[in-house]
C-alpha cells in the first residue's frame, strides 16, 4: 500500500483511504502503515550516494527494486512527514490506546485534516495527513475530492461499492482518475451493482487496462511521429534536428498537443507493470526535446503546465542527467551566462537562432511598458532576419550588435530623459501624432515638453491610494490630459481623448516605475 501510494497519489498531493475488515484491523493497519512508511524511508536513505545521479543506461543495469527506490528519491521528503490516521466507532470495552481514533472530537479533526490537499505544512488548505483507515465509518456520504485511492480489504457491495468508486473519481484539480485497489475480490460484485444504474450514471466509472494500454501506445506513436514523419530517423541522436523542426509554429502546436495527450495517459498507467520500457524511454526523450526547445524558443506552451507531478519527475530526472537543469528558465540576454550559452553552440546558425529567440523574448518583456520602442525593435529584428537569412555568419554578427543594443536599453534617442519614467510616454505621443500629421522640429520639441508636463501630472495622480480601482479618478485624469493636449495643440483635433486614454493605460503598465 505504502509503495503504491508513494508512486501514484503522493506526488500529486492526493490522499488515500484504507477500508479494513474490523476495528481491530483498522488500528493495526494504522500502526503497520507507519512502520512501512519508515521502512521505505530507510531503504531510500540507504541507497548508495551515486545512485540518484546515474544515467538512464546505468540505472537500467541495476535490479528492479533498486531502480524503483532510485525513482522514489524525489518523494523522500514527502514520505518523511506524511501521516496516517484511523477513524473507528467507539465501544466501552475498547483499549485506551484506541481513543485517538474513536474519540469524536479527534475524529472530527482528522476528517477535516484529511479533506485538505496534501502538503508538508499544516494550513487552512493543506495538511500532511495522507491516509485515513476506516472500518464502517466514512464509506457513504463522505465528500473528500482530494482522495484518489481506496484500498479495499473488506467486502463491500452494491451501493456502497459504487460510492467507493465515485469517491475516488470525484473531480478535483489535476486529478485525472481515481484508483480502487481490491485486496479481497469485490470486483466480481461490480457487474451486479452496476445493473441498478443507468449507463449515464456509470459512464467512465472504471477504465479497462485492455483499452487504456493500447491508447497509451498509440499516443506515444503519435508524439514520436511528429518528428519521424518529417525525416527524423533516431530521436536520441537527432535532438537538434527535432528542436529545429519545432521552430515551425504548426509543428510546435502539433507536438505540444500530442505530447500532452501522451503524458496524460502515462499518468494513469505509469505504475502498471504492463507498460513497456520503451514508453518510458520515449517519454523521457520527448521531455528532453521539449525542454531544449523551451529554452530556445521561449514559448510558454512548452512549459507543459498541468502535466502530472510524477510524470514531470520522470522527465526532469532524465533532463538533469543530460546536463540541463529543468528548474532553470531560459537564459536572458542580460544574464552574465548568456555569452557562455552562445559559446556552447557549435555553429553560427545555432548561435544566431539563440540570439534571435532570446531577443524576441526580451522585447516581449517590455512591450506593455514601452510599446512603441518594442514595436520598433521588433521591426528592426525582422528586417535583419529577412535581409541576412541566407548568410549565417553575417546574421550572427548583426544579431550580436542588435542584442548589445537591446542590453543598453531605450536611452540613446533621448539621453537627457529617464528611460523608464519619461521616454515611454514621449515615444507614445510622438508616434501617435507623427502617424497622423507630419511634425516639424519645433512641433516635436513642443510635444516633448507637453508630454513631460503630463508625466508629472500623471505621476502625482497615480500615487494616491487605490487610484486604479477608482473609475472616477481615472476619468478625471483622462479629461485633464485631454485639456493638456488641446492646449498644447500637438495632435490633430478630435484625437485628444484617444491619446489621453492611451497615456492613462500606459501609466497603469508603468505604475511601479512612476511611483518609485
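Worth pointing out:
Matching residues to (1) surrounded by 13 or more Cβ atoms within 10 Å (Cβ to Cβ); (2) farther than 27 Å from residue 244 by Cα; (3) not assigned by TED's automatic domain parsing to the domain that holds residue 239:
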residue: 345; (1), (2), (3): yes, no, yes
residue: 364; (1), (2), (3): no, no, yes
residue: 381; (1), (2), (3): yes, no, yes
residue: 400; (1), (2), (3): yes, no, yes
residue: 403; (1), (2), (3): yes, no, yes
residue: 415; (1), (2), (3): no, yes, yes
residue: 432; (1), (2), (3): yes, yes, yes
residue: 443; (1), (2), (3): yes, yes, yes
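- Extreme residue, farthest from the chain's Cα centre (by Cα), among residues of segment 383-430 that are within 22 Å of residue 459 (Cα to Cα), in contact (Cβ under 8 Å) with a residue 60 or more places away in the chain and in a helix (DSSP H, G or I): 429
- Within the set 463, 497, 508, 483, the sole residue that is closer than 21 Å to residue 423 by Cα and loosely packed, with under 13 Cβ neighbours inside 10 Å turns out to be 463.
- Residue check, residue 438 within 26 Å of residue 376 (Cβ to Cβ) and either part of a helix (DSSP H, G or I) or touching a strand residue (DSSP E or B) at 6+ places or on another chain (Cβ under 8 Å) (or both): no
- Condition check for residue 353: outside the structural domain of residue 445 (by TED's automatic domain parsing), crowded, with 16+ Cβ neighbours inside 10 Å, closer than 25 Å to residue 294 by Cα and in contact (Cβ under 8 Å) with a residue 24 or more places away in the chain: yes
- Apart from one condition, residue 433 fits all of (1) at pLDDT 90 or above; (2) part of a helix (DSSP H, G or I); the exception is (1).
- Checking each residue in segment 82-119 for being part of a loop (DSSP other than H, G, I, E, B), surrounded by fewer than 18 Cβ atoms within 10 Å (Cβ to Cβ) and under 31 Å from the mean Cα position of the chain (by Cα) picks out only 119.
- Index of the failed condition, residue 79 passing every other in (1) assigned to a helix (DSSP H, G or I); (2) touching a strand residue (DSSP E or B) at 6+ places or on another chain (Cβ under 8 Å): (2)
- Residue match in segment 136-157 (condition: surrounded by 14 or more Cβ atoms within 10 Å (Cβ to Cβ), over 20 Å from residue 20 (Cβ atoms) and either in the same structural domain as residue 10 (by TED's automatic domain parsing) or modelled with pLDDT under 90 (or both)): yes
Residue by residue, here is whether (1) out of contact with any helix residue (DSSP H, G or I) (no Cβ under 7 Å at 6 or more places or on another chain); (2) within 29 Å of residue 515 (Cβ to Cβ) holds:
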{"residue": "349", "(1), (2)": "no, no"}
{"residue": "393", "(1), (2)": "no, no"}
{"residue": "405", "(1), (2)": "yes, yes"}
{"residue": "411", "(1), (2)": "yes, yes"}
{"residue": "424", "(1), (2)": "no, yes"}
{"residue": "431", "(1), (2)": "no, yes"}
{"residue": "438", "(1), (2)": "yes, no"}
{"residue": "447", "(1), (2)": "no, yes"}
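- On the stretch given as segment 254-277, residues that are without any contact (Cβ under 8 Å) to a residue 40 or more places away in the chain, within 30 Å of residue 350 (Cα to Cα) and either over 17 Å from the mean Cα position of the chain (by Cα) or crowded, with 18+ Cβ neighbours inside 10 Å (or both) total 3.
The values are calculated or read from the model by the stated rules, or taken from the named source; none is laboratory data. The model shown is predicted, which means the values in this text are computed figures rather than measured ones. As a convention, Cβ positions derive from the backbone with ideal geometry for all residues, glycine included, and neighbour counts pool all protein chains shown.
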